[in-house]
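Novice: Would you mind keeping the following structure in view while I ask a few things?
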Amino acid sequence: PTRDAGSLEPRKRTRSIPSLATATALLPETFLYKNYFSDADITALCNYKRSGDDLSFCFRHFLTPIYNAALNVLPKSIAPNTITLFGFLLVLSSHLAILINAPLLDRPVHPALYIYAAVSLFLYMILDNLDGKQARRTGSSSPLGHLFDHGCDALNVTVTGLAMAATLQLGPSLRTLLFIFATGILPFYAATVEEFCTGSMILPIINGPNEGLLTVQLFYYLAAFGGPTFWTSPLSSHPALHGLTRADSVFFAAAASVGPTVLVNLHTAFSYLRTTRNLPPTAAAAAVFHLALPLVVAAGAAGVWAAAAGGDGGVGRHPVLFMWCVGLTFFYLVSRLIVAELTHTEAPVLPGVLLPLVAGAANAAAARVVGRGMVPEALMVAVAFVGLLGVNGRRVVCVTIQLCEHLRIRCFSLERLEAKKGE
C-alpha cells in the first residue's frame, strides 16, 4: 500500500519539532556503515510520542508497586539503555545456561538453572519497566531508547521461547517451531501490526508481557521443584488422555489461545482503517494483509524447511541454531515495522532478509525430492545464522551510531556528546 492520503500512514501527531532534528548531517557511508534514516525520518522519530495503555490486572495491582519501589532505589546516574541491556543480558545468560546443557531441547537440566531462569525473567520484567521511568525522571527520553527497548523485547521472544521449549522438553521437532510461533512471534507481530495501523497499543486485561511472562516463570519453578520428569509425565490416567503429557497440554493450550489473540489484533487494525481512515473493506483488508505478508512468508519457509528436513535437518540436528535463524528474521521484520510506524514510512512487503529461510526451505525440499540438497544441511543452517546475525548486527550498530551522532547523546551514558559547530 502506498503512503498517501487514505493509506496506512499512522496517525499524524502535531508537536513542535526539536531544532536539533533539522541540523543533522548524515555520516559518510562505507562498506561497514550505512545511514538507515534520512533527515525526515529522524525528524519524525524525534516527534513521535507513544500512545496506549496497559490494562493488565497483574500490572496494575501487583507489578506496579514493585516497579515503583525499585525505581526509588535505582540511582539516577544509570542510563536507561544500560538498564534495558542489563535486563536482556540476564535472560540471555539463563537462555545459554539451559541450552548448553540441553542442546537438543529434549532433556532436563539442573533445577538451579530453572530457578535462575525464573528469577532472571522476573528481573527482566522489572528492568524493562524501569528503563522508561528512568528516562522520564532524568530527562533522557529519546527515539534510540524507544527502539532499543522494543528491540530487546523482540529478541527476548526467541530467548525465552527456546528456554521454555527446553524446559518442556519439546525436543528437536516441528513442535518447537510451532510453540515459539504461538507463544511469542505471532502475537508480538500481530500486536505491532495493530499499533502500526491505529497508532496506539492497548494491552488487554490478560496479556503476554505481564501474565504471559509470569506464567513462564511458574513453569520454570514447576520444572525445578517438580522433578526432571514433571513435564514429560502423563497429564492424566484417564483413557481419553492416554499418551498426553503435561508439556503436550501446554503446547495445545498455547496453540489454541494464539488464534483468538491474533484475530483480535488484526480485526482491530482492519476496523480502524475502515471506520477512522474510511478505507473500503477490500482496501483495508489488503493493507492489513500486506503488513502481515512478510511474517506469513517467513513462517511458511520455516515450516517447509523444518518439515522437509525432518530429523536429519535444521530442526533435528541443530534446533537452537535453526530457531535463531527464525528468531533473527522475526526480529528484523518486526523492528522494521516499528521503525516504519515511528517514521511514517512504508514497511517493505518482501524484504531481502527472508532469503535465508526461503533458501533453506528450497534446499531441504530439494533434498526430500531428489535425495540430496544443493548444500549440506549443517552448512545451510550455519550460513543462514551467520548471515542473519551479520545483517541484524550491522543494522543495530549503524542505527545506534546515527541516532547518537544526530541527537548528540551516548547510548549507555547520561553524558551528552559535545555539540557540533554551528548547532
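The values are calculated or read from the model by the stated rules, or taken from the named source; none is laboratory data. All of these numbers come straight from a predicted model, not from anything done at the bench. Cβ: placed from backbone, ideal geometry, glycine included. Neighbour counts: every protein chain shown. To get the accessible areas, we keep the full protein, side chains included, count just its heavy atoms, and leave off ligands, DNA and RNA. Shrake-Rupley method; radii C 1.70, N 1.55, O 1.52, S 1.80 Å.
Novice: Pairs under 7 Å by beta carbon, first residue at negative phi in the stretch 134-161, partner surrounded by 22 or more Cβ atoms within 10 Å (Cβ to Cβ) and polar (S, T, N, Q), six or more apart or different chains?
Specialist: From the stretch 134-161, the pairs are G145/N81; F148/N81; F148/T84; D149/T84; C152/T84; G161/T183.
Novice: Still on this structure, I have one more. Name the single residue, out of those in the stretch 23-49 being at pLDDT below 80 and in contact with a helix residue (DSSP H, G or I) (Cβ under 7 Å, 6 or more places away or on another chain), that is surrounded by the fewest Cβ atoms within 10 Å (Cβ to Cβ).
Specialist: Ranking the candidates gives L27 first.
Novice: Select from the stretch 335-372 the residues that are open to solvent by less than 30 Å² (accessible area, probe 1.4 Å), under 14 Å from L147 (Cβ atoms) and of a type outside the set (S, T, N, Q) and list them in ascending order.
Specialist: L337, I338, V339, A340, E341, L342
Novice: Only residues that are open to solvent by 40 Å² or more (accessible area, probe 1.4 Å) and either within 30 Å of V193 (Cα to Cα) or in contact (Cβ under 8 Å) with a residue 24 or more places away in the chain (or both): list them for the stretch 230-245, please.
Specialist: Across the stretch 230-245, the qualifying residue is only T232.
Novice: Tell me, which helices (runs of 4 or more DSSP H) wholly within the stretch 54-165 include 1 or more residues that are in contact with a Ser or Thr (Cβ under 6 Å, 6 or more places away or on another chain) and buried (at least 21 other Cβ atoms within 10 Å of the Cβ)?
Specialist: Those helices (runs of 4 or more DSSP H) span 80-101, 111-138.
Novice: Tell me the residue from L27, L90, L55, L85 that is in contact with a Phe, Trp or Tyr (Cβ under 8 Å, 6 or more places away or on another chain) and over 19 Å from Y124 (Cα atoms), please.
Specialist: L27
Novice: Where in the stretch 317-423 are there helices (runs of 4 or more DSSP H), lying fully within it, with 3 or more residues that are out of contact with any Ser or Thr (no Cβ under 7 Å at 6 or more places or on another chain), farther than 30 Å from F86 by Cα and in contact (Cβ under 8 Å) with a residue 40 or more places away in the chain?
Specialist: 355-370, 377-407
Conditions tested, residue by residue: (1) touching a helix residue (DSSP H, G or I) at 6+ places or on another chain (Cβ under 6 Å); (2) modelled with pLDDT under 95.
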| position | (1), (2) |
| --- | --- |
| I206 | no, yes |
| F225 | no, no |
| R246 | no, yes |
| F251 | yes, yes |
| A255 | yes, yes |
| V258 | yes, yes |
| F270 | yes, no |
